[in-house]
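Structure first, commentary second.
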Amino acid sequence: MKFNDLYEELFYKALSIRLVEEKIIELYPTDKIESPVHLSIGQEAVAVGVCQELRTTDLIFSNNRGHAYYLAKGGDLKEFFAELYGKNTGCCRGKGGSMHLAATDVGFMGASAIVASTIPHAVGAALAAKKLNKNHIITSVFGDGAVDEGVYHEALNFASLHKLPIIFVCENNDLAVHSRTTERQAFKILDHAGNYGIPTHYCAEGYDFTEVYRVFSRLVSEVRTTRLPQYIEIKTCRYMEHVGVNEDYNAGYRSIKQIESWKAKDPLMNQKALIDKFKPSILKEIEEAVMFAEDSSWPELTDLLTDVI
Amino acid sequence: MNSLIDKFSGSVLSYREALFHAMDDALSGNPKVIIMGQGVTDHKGLFGTTLNFSSKYGRDRVLDTPLAEEALAGIALGASLNGLYPINTHMRVDFSLCCMNQVVNLIAKYKYMSGGQFECPMLIRMVIGRSWGQGAQHSQSLQSFFAHVPGLTVIMPSHSDSILKDYHYIVHSYRAPVISIEHRLLYDVKFNIEQNSVYSNDDPLSSHLVRNGNDVTIVATSIMVLEALRAAQYLSTNAGLECEVIDLNCVSHPDKEMIMNSVEKTGRLIIADTSWQAYGVCAEVCRIVCEKAPSLLKVPVLTLGMQPATCPTAKTLEDYFYPNLQTLTGAIARIVSGKTNHGIPLPDEHSMADAYKKFRGPF
Ligand SMILES: Cc1ncc(C[n+]2csc(CCOP(=O)(O)OP(=O)(O)O)c2C)c(N)n1
Ligand SMILES: [Mg+2]
């Protein structure tokens with residue numbers, strides 16, 4: 001795909017993720033994807049803006065809302081759908097599913113469905129990079145919910161203490177399932193992270209991939225040269241229910257107004273000309289990936305006990 | 001003692017409804033009871049089991065919590081030592097691993113290592129997930145981890161009666177920490193509440209003989225009790241075999257005499273657990289029989305549980321991973337006939353989850 005400028009490229013990538021997620025919504029009632037799905041709709045721009053400046057050799061660690069990062073980091077779309085379908089050709093051979101995507105070939109180091117559990121892995125990867133004199137950098141992505149967990153604090157402290165080449169990215173959608181940050185945290189995320197001696201940054205425009213890219217790429221160059229940790233909180237908005245393919249605006253735990261004002265700023269909902277320009281080729285790619293998943297074979301009994309040890 | 005069963009006897013309650021009423025009974029019956037857990041105040045109310053309690057009993061008694069499992073378990077301990085009765089909840093057993101330190105090193109030991117100065121009664125509820133791609137970290141069944149540790153009482157209710165009876169007793173009368181491991185697939189199963197069932201007549205925190213038979217003893221936990229009963233029914237109708245089924249219920253303190261009496265009668269033993277066989281309930285029940293009277297067994301024991309792997313997400317693999325009605329009836333037919341080619345026609349059911357209302361969330 002040829003792009004006129006970086007904006008188009010970022011738009012294309014973000015729109016691809018949105019359309020992939022919408023395809024999942026469309027497929028879900030057929031029961032072909034037999035697993036819980038934590039959709040990234042509304043949060044795609046964060047993943048795209050973060051991953052743009054990262055190299056294939058740079059590593060990223062994610063969580064169970066990981067579709068957007070897998071794709072933004074360059075994970076294969078066919079293997080993605082095959083994994084969701086539970087097929088043999090999936091990126092994890094059907095054993096991981098939506099919550100546990102992984103693609104080492106592009107530096108997508110796996111996703112865990114235990115909140116905050118991959119943050120220390122990212123710190124460990126940064127420790128290895130430092131000790132082995134590698135020049136790649138590590139990104140740890142987590143939600144505002146992970147900030148509640150003790151292991152997050154222990155990991156931040158270690159990264160700062162040992163001066164490791166890592167960027168912490170807090171995707172703040174203000175929600176852990178249905179609980180707002182104000183109901184869970186008595187502190188300010190950035191003030192607190194800053195107290196570990198890690199420089200902190202804030203991006204309020206998580207719907208705007210160019211702004212996320214602008215801020216994040218500076219951090220990437222910073223860490224490439226200094227090899228010291230950085231921290232960024234990016235405000236974002238989850239459009240769908242926590243898990244599943246529906247909206248739940250009537251559930252009463254958050255403000256519909258706030259979601260609507262976010263949607264009004266979302267380029268993927270408003271820039272009709274670009275959507276029309278790119279949609280056909282993206283949909284074609286998605287159709288091919290879905291066909292690949294459909295045509296692939298199931299894992300068999302002989303696969304059940306492989307890769308245990 | 002049986003006030004909850006008395007109250008609902010004659011009615012039909014789903015497992016979920018029984019949990020709701022047990023929580024309601026806990027909060028209304030004792031002002032010191034508090035419930036702390038993720039999502040207990042939201043519109044889903046922990047799968048409907050704490051729905052609207054924060055408005056009914058106040059947000060200072062029904063607390064949504066930060067994602068801080070270890071601290072919460074410790075906070076429950078501190079609160080319990082000082083007069084509150086905490087009920088701490090985990091939407092999945094898997095998440096409770098984050099608080100293992102507090103549970104194993106502190107909660108289980110606080111009374112003993114203080115020479116009995118302290119008691120820390122509390123209830124920790126956790127839910128086993130299964131089917132619809134729960135996968136590696138939303139499906140584990142870790143009763144043996146907890147039951148291994150002296151100081152913890154671990155139950156796995158398989159019936160609404162068990163919940164009504166045991167929870168009422170635990171919250172209002174039992175002075176030690178209890179871990180209750182519930183099963184997500186049971187939540188929508190409906191049960192008749194009866195005043196004179198084994199559940200209402202037996203002691204709380206014990207095992208229950210739920211079916212009489214002479215051919216084989218099946219000791220089962222949680223949803224495997226229902227599976228054992230389905231298999232027993234099938235074989236009774238189709239092959240004239242009669243299985244005796246024991247609902248272990250209190251896995252940390254099972255009724256050993258009940259198990260031995262049954263094995264003495266049948267001479268054959270199958271253990272069907274929701275977890276891995278190695279080092280778990282299957283192994284423990286074997287230990288009980290081997291230490292007491294192994295010669296009662298006419299044939300080697302058979303065990304059923306999860307395959308020795310991480311739970312895979314793909315449905316095809318998940319169906320191989322868990323036992324189903326076919327594997328269970330096959331095992332029974334084999335052990336009773338003593339032959340692999342027993343000639344008993346087996347039911348054509350490869351996915352147990354399909355037999356329950358197909359579970360596809362909410363999670
Ligand atoms: C240790 C642990 N506790 C609880 C859960 C249940 N859970 C799954 S996702 C989630 C919310 C996570 O919120 P956040 O980190 O902000 O990510 P988001 O879902 O908003 O993307 C919770 C509580 C879990 N998976 N692991
Ligand atoms: Mg969040």
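Output the residues belonging to region B:22-48 that are under 21 Å from A:A251 (Cα atoms) and either free of Cβ contacts under 8 Å to residues at least 40 places away in the same chain or more than 16 Å from ligand 1 (Cβ to nearest atom) (or both).
Across region B:22-48, the qualifying residues are B:T41, B:D42, B:H43, B:G45, B:G48.
If a residue has to be open to solvent by less than 10 Å² (accessible area, probe 1.4 Å) and away from every other protein chain (no Cβ under 14 Å) to count, how many in region B:128-153 make the cut?
6
Is it fair to say B:S131 is assigned to a loop (DSSP other than H, G, I, E, B), assigned by TED's automatic domain parsing to the domain that holds B:L142 and touching a residue at least 12 places away in the same chain (Cβ under 8 Å)?
yes
Of all residues in region B:159-204 being open to solvent by 30 Å² or more (accessible area, probe 1.4 Å) and of a type in the set (K, R), which is modelled with the lowest pLDDT?
B:K190
Which of the numbered conditions does A:I189 fail, given that it passes all the others? Conditions: (1) away from ligand 1 (no atom under 16 Å from the Cβ); (2) of a type in the set (A, V, I, L, M); (3) within 14 Å of another protein chain (Cβ to nearest Cβ).
All conditions are met except number (1).
Given the structure, is A:S179 touching a Ser or Thr at 6+ places or on another chain (Cβ under 9 Å), among the polar types (S, T, N, Q) and within 16 Å of ligand 2 (Cβ to nearest atom)?
Taking the combined requirement at face value, the residue satisfies it.
For residues in region B:139-168 being out of contact with any Asp or Glu (no Cβ under 7 Å at 6 or more places or on another chain) and in a strand (DSSP E or B), which is farthest from B:A278 (Cα to Cα)?
B:T153
What pairs come up if the first residue lies in region A:261-284 and is within 18 Å of A:E205 (Cβ to Cβ), the second is assigned to a helix (DSSP H, G or I) and small (G, A, S), and their beta carbons are under 7 Å apart, counting only those six or more places apart or on different chains?
A:L268/A:A14
Residue-by-condition table, conditions (1) in the same structural domain as B:Q233 (by TED's automatic domain parsing); (2) without any contact (Cβ under 8 Å) to a residue 40 or more places away in the chain; (3) open to solvent by 40 Å² or more (accessible area, probe 1.4 Å):
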position: B:S252; (1), (2), (3): yes, no, no
position: B:N261; (1), (2), (3): yes, yes, yes
position: B:I271; (1), (2), (3): yes, no, no
position: B:V289; (1), (2), (3): yes, yes, no
position: B:P308; (1), (2), (3): yes, yes, yes
position: B:L317; (1), (2), (3): yes, yes, no
position: B:G338; (1), (2), (3): yes, yes, yes
position: B:N341; (1), (2), (3): yes, yes, yes
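Quick one: which strands (runs of 3 or more DSSP E) sit completely within region B:1-99 and have at least 1 residues that are away from every other protein chain (no Cβ under 12 Å) and over 19 Å from B:P177 (Cβ atoms)?
Passing ranges, in order: B:12-14, B:62-64.
Take residues that are among the hydroxyl-bearing types (S, T, Y) and tell me which of the helices (runs of 4 or more DSSP H) falling wholly in region A:237-309 contain 1 or more.
Output list reads A:256-265, A:272-295, A:301-304.
Pick out the one residue from A:V169, A:V147 that is buried (at least 18 other Cβ atoms within 10 Å of the Cβ), at pLDDT 95 or above and near ligand 1 (Cβ under 10 Å from one of its atoms).
Residue meeting the stated conditions: A:V147.
Within 11 Å of chain B (Cβ to nearest Cβ) and crowded, with 24+ Cβ neighbours inside 10 Å: does that describe A:A111?
When the stated conditions are applied, A:A111 passes them.
How many residues, within region A:139-186, are touching a Lys or Arg at 6+ places or on another chain (Cβ under 6 Å) and either within 10 Å of chain B (Cβ to nearest Cβ) or basic (K, R) (or both)?
Residues meeting the conditions: 1.
Residue under question is A:L27, and the condition is that it be open to solvent by 10 Å² or more (accessible area, probe 1.4 Å) and either in a loop (DSSP other than H, G, I, E, B) or under 21 Å from A:N172 (Cα atoms) (or both); does it hold?
no
Restricting to region A:26-72, name every residue that is within 14 Å of chain B (Cβ to nearest Cβ) and either among the charged types (D, E, K, R) or over 12 Å from the mean Cα position of the chain (by Cα) (or both).
Within region A:26-72, A:L27, A:Y28, A:P29, A:T30, A:D31, A:K32, A:I33, A:E34, A:S35, A:P36, A:V37, A:R65 qualify.
Only one residue in B:G29, B:G39 is within 16 Å of ligand 2 (Cβ to nearest atom) and either open to solvent by less than 20 Å² (accessible area, probe 1.4 Å) or of a type outside the set (A, V, I, L, M, F, W, C) (or both). Which one?
Of the residues listed, the single one that is within 16 Å of ligand 2 (Cβ to nearest atom) and either open to solvent by less than 20 Å² (accessible area, probe 1.4 Å) or of a type outside the set (A, V, I, L, M, F, W, C) (or both) is B:G39.
Does region A:295-309 contain at least one residue that is surrounded by 17 or more Cβ atoms within 10 Å (Cβ to Cβ) and away from every other protein chain (no Cβ under 14 Å)?
Looking for residues that are surrounded by 17 or more Cβ atoms within 10 Å (Cβ to Cβ) and away from every other protein chain (no Cβ under 14 Å), one finds none in region A:295-309, hence no.
Any residue in region A:232-244 that is hydroxyl-bearing (S, T, Y), surrounded by fewer than 19 Cβ atoms within 10 Å (Cβ to Cβ) and out of contact with any Pro (no Cβ under 6 Å at 6 or more places or on another chain)?
no
The values are calculated or read from the model by the stated rules, or taken from the named source; none is laboratory data. In this text, all values refer to a predicted model and were calculated from it rather than measured experimentally. Quick reminder, even Gly has a Cβ in these numbers, built from the backbone with ideal geometry, and neighbours come from all protein chains shown. We work out accessible area using only protein heavy atoms, side chains counted, and drop any ligands, DNA or RNA first. Shrake-Rupley method; radii C 1.70, N 1.55, O 1.52, S 1.80 Å.
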